[in-house]
Amino acid sequence: MMALSPDQESIVKAPIENSLQVLASAGSGKTRVLTERIRFILENTKKDSVIALTFTNKAAEEMAERLDNVDAIEDRVWVATIHSVAQRILEQYGHTIGLPAELHIYERDKDRMEVFLQSLRDDNVDIDEYLDVSDSRERRNREGVMQKHMDAFAAIKREILNESEVVEKYPNDSRLWKIYQDYQNALLASGGIDYDDILKYAYKILFLHDWVANIYRAKYKHICVDEAQDLNKIQYEFIKALCGESITSILMVGDPNQMIYGFNGSSSEYLCSFFIDDFKPSVYELKENYRSSKAVIHVANKLKPGSQKESDFALQGVVTVKDQANEIDEANWIVNQIKHLLELKTHKEIEGEITLDKMVVIARNRYVFSALKDALNKSEIRFSLKKGERQVEPSSLFCSVLDYAIRVKLNPKDWVDGKKLCSLLKLSSPSEWGNNEILKKWSKDVLISEILFPELQSELLVVIDQLDIDEPNIRKLTKSFIDKLEKFADAPQLENYESELEISILELKEFQKYWTRFKQKGLGDSLQAFRNAMALGQLTEDVINDGLTLSTVHTMKGLEKEIVFLMSMCEGVFPDYRAKTIADINEERNSAFVAITRAKRRLYISYPMQRTMPWGGVKGQVVSRFIKGFPSH
C-alpha cells in the first residue's frame, strides 16, 4: 500500500462491513483514499466485488488505472459513471417494465426539443405558428418558454415527482403533467429515451423488481461513490435501491464546499443528511491539502473559512490579485504573465520545466475568453478550450450520413434522425416511420439525387443496411470507405471538393478509433452498445495538448495545474448575474472555491474595471465579492 496519513489510513482500514462518510476537502487525497479502500476490500475478502461510481468517464478511467495492478481487477471491480451502470441495467432488464429491447438515447438537446415540439403538434397545438414570429426578441422569449418546459421535464425525472407534486411545484402551469406525459409517450413512440430517462427507468426497475437488484447485490457487496456532494435525488435513490437492506458496505466521499451542480438538482444534503439517516455511517473528515501551496490555501480559507489545512510539506506559493482597465488590458496582462513564466524556464517550487501544459486559465463561463483568445493568437501562444464529454458531431456530409444511417438502422422509428438523413440526401421524408427496409429504399433513391458523390452515399447506405447489428464489422467498413475516399481525392475533376474529402477521411478514421476504443474497454460487441457508449461520452479521449488550457470551472472540476489564472472576477460574471437566492450565491461561492483550489503552486486572479458589452456600450465593473480582502501584489 502507498504511504497514507494516519487520517487516510483509518478510513482505508475501517471495518469492511461498515458504511463510511468521508468529508474530504480539496487536495486532501480523496481519490487515493477511495482507490486504496477498494484495494483493501479486495485484498481482505476472497471473492467480494466492488462497484465504484463516478460522475465523469475521465474520473472512472483514472480510478481504473490506479487499480490496474490489482489481481482479477476486471472481474472484481466495476468502475463506471452512475449513468453507465444504470444504462447496463436498462439494456438487460428494461423489458421488465415494458421498454423495447433496443432503446435509442437522444443525447442532443435539439433532438429532445424536436420530439417535444412534435408531441405538441400531435396534440393539435399549432406550435410552429407560435414560434414563427419576425421579432427576434419575441422569438427568443417564446423559445425560452419551450426550454423552460424541457427544464421542468428534467426536474420531474431528477426529483422523481408524481402528478400531485408537479401541480404543487408548478402551480401556474396546470397542463404541465399532461404535456410531460405526451413528451414521454412521444419519446417511446420514436423508440427513444432522453438522458434523464436512463436513471429514471433504471431506478424504476430496481424499485419494482427486487429480484433484479438481488442479482447485482449477489455479485457486488461493496459500493463506493466519488464526488457524492453532487448527487441529486434520482441518483441517490438509485444507489439506495441498489443497496437495499443487505448492502451495508458503502463509502461516500465528497466535499460540500465543492457542490456546483445545483442546476442539475444536486444537493450536498444527500451526502450530509440523507446518507447519515439511511445508512448510519461512521464519519471521517480529511482537511489537509496536499495539493496546494500555503498562499493558495490561505485564500481558499478566506473564501471558505476552516475548509483547508496546510500539510507539513506545503510550499509557500504565490497568489496575485490584479485589476485592469478593461478586458483587453486584462487579456494582455495574462499573456505577459505567461510569457514571463515561460522565460523563467524553472522555479524552485515547480517541478521540471515551466511549460504551457502546466498552466490553465479558468473563467466562470466561456464567453469571457474572447479577448484572451485574440491576445494569445497575436502572441502565437498555443491554447485549447477544454470541453466536456459530449460526442462531437461529424461535420462532413459523408460521416453525417454514416452517423444518421446507423441510428436509423438501429431504430427505424427514429424519425428525428431519419428526417435529418433525408434532408442530407435531398430525399422526401416518408409519411410513416418504422420500415426496416427504409435504408435499402433510400440507397436506390439517392442515386438520382442532386447530392455530392451519390454512388458512394448509396453504397454506404447499402453497407449499413446489411450490417450485423450484434457483431458489426466496423473495421472492415471504415477501411473500405477510407480507401474509396482516398481514390476520389486523386481524381482531378474533384479538386473543388478537397476539403470535404479530407474532413470525411479524418472523421472516418476518428470513427474507427472510437470503435477500437469501444472494443478495448470491453463495453460490448453490438452496434447498439457502441451507439450508447458514444451517447454516454465513454469513447471521447482527452486531446493531448502541449499548449495552454482554457477552461470553465465546471469542466476543470477534479483536475489541477501548477499555475492557475482566474480571470474576469467581477460581479455579474462571478458570481453569475442569474444567482439571486442565498442558495444560488452559495453555489457560486463553491464554484470559486473549486477554481482557486485547482492551483498547486501559483494563482493569478484578475478582473477588468470596465467591459464592452455585446451591444457596444461600456459598463463599469465591480470586483467580485468572493475576492474582496484577498492580498494584492
Practice prompt. Determine whether segment 592-602 contains at least one residue that is part of a strand (DSSP E or B) and either surrounded by fewer than 22 Cβ atoms within 10 Å (Cβ to Cβ) or over 27 Å from the mean Cα position of the chain (by Cα) (or both).
Written response: yes
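For (1) out of contact with any Leu (no Cβ under 8 Å at 6 or more places or on another chain); (2) among the polar types (S, T, N, Q); (3) farther than 30 Å from GLN316 by Cα; (4) in contact (Cβ under 8 Å) with a residue 60 or more places away in the chain, each residue gets a yes or a no:
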residue	(1), (2), (3), (4)
GLU227	yes, no, no, yes
LYS240	yes, no, yes, no
ASP255	no, no, no, yes
PHE275	yes, no, yes, yes
LYS287	yes, no, no, yes
ASN301	yes, yes, no, no
Practice prompt. Filter segment 293-308 for residues that are among the small types (Gly, Ala, Ser), closer than 16 Å to ILE605 by Cα and over 28 Å from the mean Cα position of the chain (by Cα) and give the result.
Written response: SER293, ALA295
Response to the item:
All conditions in (1) closer than 13 Å to PHE55 by Cβ; (2) surrounded by fewer than 21 Cβ atoms within 10 Å (Cβ to Cβ); (3) of a type in the set (Asp, Glu) are true of ASP226 except (2)
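Have a look at ILE250, ILE276 and point out the one that is part of a strand (DSSP E or B) and under 31 Å from the mean Cα position of the chain (by Cα). Write out each step before concluding.
Numbers: ILE276 fails: part of a strand (DSSP E or B).
None of the other options fit; the residue is ILE250.
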Worksheet item: Taking strands (runs of 3 or more DSSP E) that do not extend beyond segment 4-85, which have at least 2 residues that are among the small types (Gly, Ala, Ser) and either farther than 22 Å from PHE238 by Cβ or in the same structural domain as PHE279 (by TED's automatic domain parsing) (or both)?
Response: 49-54
Practice prompt. Say whether the condition of being small (Gly, Ala, Ser), modelled with pLDDT of 90 or more and not assigned by TED's automatic domain parsing to the domain that holds ASP357 is met by at least one residue in segment 493-501.
Written response: no
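Just wondering, is there one or more residues in segment 363-377 that are within 22 Å of the chain's Cα centre (by Cα), closer than 30 Å to SER480 by Cα and surrounded by fewer than 18 Cβ atoms within 10 Å (Cβ to Cβ)? Full working, then the answer.
Of the residues in segment 363-377, the ones within 22 Å of the chain's Cα centre (by Cα) are 363-369.
Now restrict to residues that are closer than 30 Å to SER480 by Cα: none.
The answer is no, given that none of the residues of segment 363-377 is within 22 Å of the chain's Cα centre (by Cα), closer than 30 Å to SER480 by Cα and surrounded by fewer than 18 Cβ atoms within 10 Å (Cβ to Cβ).
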Discussion item. Can you find a residue that is among the β-branched types (Val, Ile, Thr), surrounded by 12 or more Cβ atoms within 10 Å (Cβ to Cβ) and assigned to a loop (DSSP other than H, G, I, E, B) anywhere in segment 153-165?
Written reply: yes
Worksheet item: In segment 404-415, is there at least one residue being at pLDDT 90 or above and of a type in the set (Phe, Trp, Tyr)?
Response: yes
Discussion item. Given (1) closer than 21 Å to VAL50 by Cβ; (2) without any contact (Cβ under 8 Å) to a residue 60 or more places away in the chain, identify the lone condition not met by ASP196.
Written reply: (1)
Practice prompt. Using the structure shown, decide if TRP177 is closer than 27 Å to LEU103 by Cα, at pLDDT 95 or above, assigned to a helix (DSSP H, G or I) and in the same structural domain as ALA64 (by TED's automatic domain parsing).
Written response: no
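The values are calculated or read from the model by the stated rules, or taken from the named source; none is laboratory data. Bear in mind the structure is a predicted one, so any value in this text is a computation, not a measurement. Cβ sites come from the backbone with ideal geometry, for glycine too, and all protein chains shown count toward neighbours.
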